[in-house]
Amino acid sequence: MKKLIIPIIAIITAVGLMSCEKNIQRELDLVPTTGKAYIKINYAMAYAVNSNAQLKINGNRVSTTLTFPYPFPGGGLNTGGSSNPDYLALDPKQIDLVVSRPKVGTSEDSVVLFSQSFAGNAIFFGTNYTIHLTDTGANAKGVVVTDNITLPDSGYSRFKYVNLLPNQTALDLYYGTAKVASNIAYQGSSPEFTVQVTGAAASWAIRPAGAASTTTALATYSMTVPNQRSFTVFSSGYSGTSGTRAARISLIYNR
C-alpha cells in the first residue's frame, strides 16, 4: 500500500510550485499518514468572467492558477485538472483559506474572491475531505464534506452528490432513468450510493426537487461508470444562465 503525500510549499515562488508538482504522488492505494488531514479544494465559483484564480492556505500559495470549475489538487470529469485522486496533506489545525485573482506574473493578491478560516476541530487525523467553494461575491461559501476513499466492491463505483447550484432550493439527481439522490438542498450532500458497472454510457441529470423525470433537466453529463472508483458528483453554475455560468454537472475523483 502506498501513501499519498502532497507537501505544502512554504516559500511561494515559481520554483517552489514546480517542486510541489514533482512531489505529488498519484496512487490509487491511499493510506492516510497518522497525524495528517487530507484536503481537496473544489473551486466551483462561477464568475461571468472566468479569470485565473489562485489558492492560498495559511498565507502560502498552494496552487498554480486555475479556472472554474477545478478540484485542486487532482481533478475530475467536466472540470479542469487531471484524473488523479490527489489531496493536500496538512497538519490538522486551523486552515485559513484565501482564493484570489493574482497580479500578473506574481502570487500577490489582486482581488480576494473568498476568505474563510476552518477550525481545527473540524479537521480530523487521517481523514479525507473536500472544501467546496460555491457562489460569488459576498455570497461565496465554503462547504466541508468528508470523502470516502475506501474501495467499493468490484463491479461498482461509489458516489456522493453535493448541490452547489445557488439559485435552486433543492435538487434531485438522476443517473440514466434512476433517481439516485432526492431533495438535496443547496450546500447539502447526499448519502453515498453505488452504481453498477455496465460498460454503457448514461447521463447524469439534475432537476428541481420533486419534478417529474420527464421534465427537461437543468444540466446533464454523460459518462460510463468505471470499476471500483469513488467520486463526488457536484452541480455548479446557475440555472437559467448560459456560457461559463451555465448550470453543469461535474465529478471529482476521490479514489
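The values are calculated or read from the model by the stated rules, or taken from the named source; none is laboratory data. Quantities reported herein were computed from a predicted structural model and do not represent experimental measurements. FYI the Cβ positions are ideal-geometry reconstructions off the backbone, even for glycines, and counts take in every protein chain you see. Just the protein is used for accessible areas: all its heavy atoms, side chains included, with ligands, DNA and RNA removed. Shrake-Rupley method; radii C 1.70, N 1.55, O 1.52, S 1.80 Å.
Computed from backbone phi, the HN-Hα couplings of region 96-111 come to 9, 9, 10, 10, 9, 8, x, 5, 3, x, 9, 9, 6, 5, 9, 10 Hz, rounded to whole numbers (Karplus: 6.51 cos²θ - 1.76 cosθ + 1.60, θ = phi - 60°; Gly and Pro given as x).
The H on the amide N of Thr241, modeled in the peptide plane, is under 5 Å from the matching H of Ala247, each at least 5 residues off or on a different chain. In region 32-253, the convex hull through the Cα atoms has an average projected area of 12.1 nm², a quarter of its surface area. Which links in Lys141/Lys179; Lys36/Lys103; Lys36/Lys93; Lys40/Lys93; Lys93/Lys160 stretch past 21 Å when you go from one Cα to the other? Lys141/Lys179; Lys36/Lys103; Lys93/Lys160, as the Cα separations exceed 21 Å there. Note on Asn78 and Asn227: the model spin-label points, each 7 Å out from Cα along the C-beta direction, lie 2.6 nm apart. Annotation: amide H-H contacts under 5 Å for Asp86 (H modelled 1.01 Å from N, sequence separation of 5 or more, or interchain): Gly74, Gly75. For Asn183, the residues whose amide H sits under 5 Å from its own are Leu171, Asp172, Leu173, Gly210, ignoring neighbours fewer than 5 places away on the same chain, with H placed 1.01 Å from N.
Extension gain for Ser117 to Ala138 (0.36 nm times residue separation, less C-alpha to C-alpha distance): 6.0 nm.
Of the solvent-accessible surface of region 32-253, computed with a 1.4 Å probe and all protein chains present, 48% belongs to carbon and sulfur.
In order along region 151-158, phi translates into HN-Hα couplings of 6, x, 4, 4, x, 9, 10, 9 Hz, rounded to whole numbers, per the Karplus curve 6.51 cos²θ - 1.76 cosθ + 1.60 with θ = phi - 60° and x for Gly and Pro. Distance distribution note for region 118-217: the fraction of Cα pairs above 18 angstrom is 57%.
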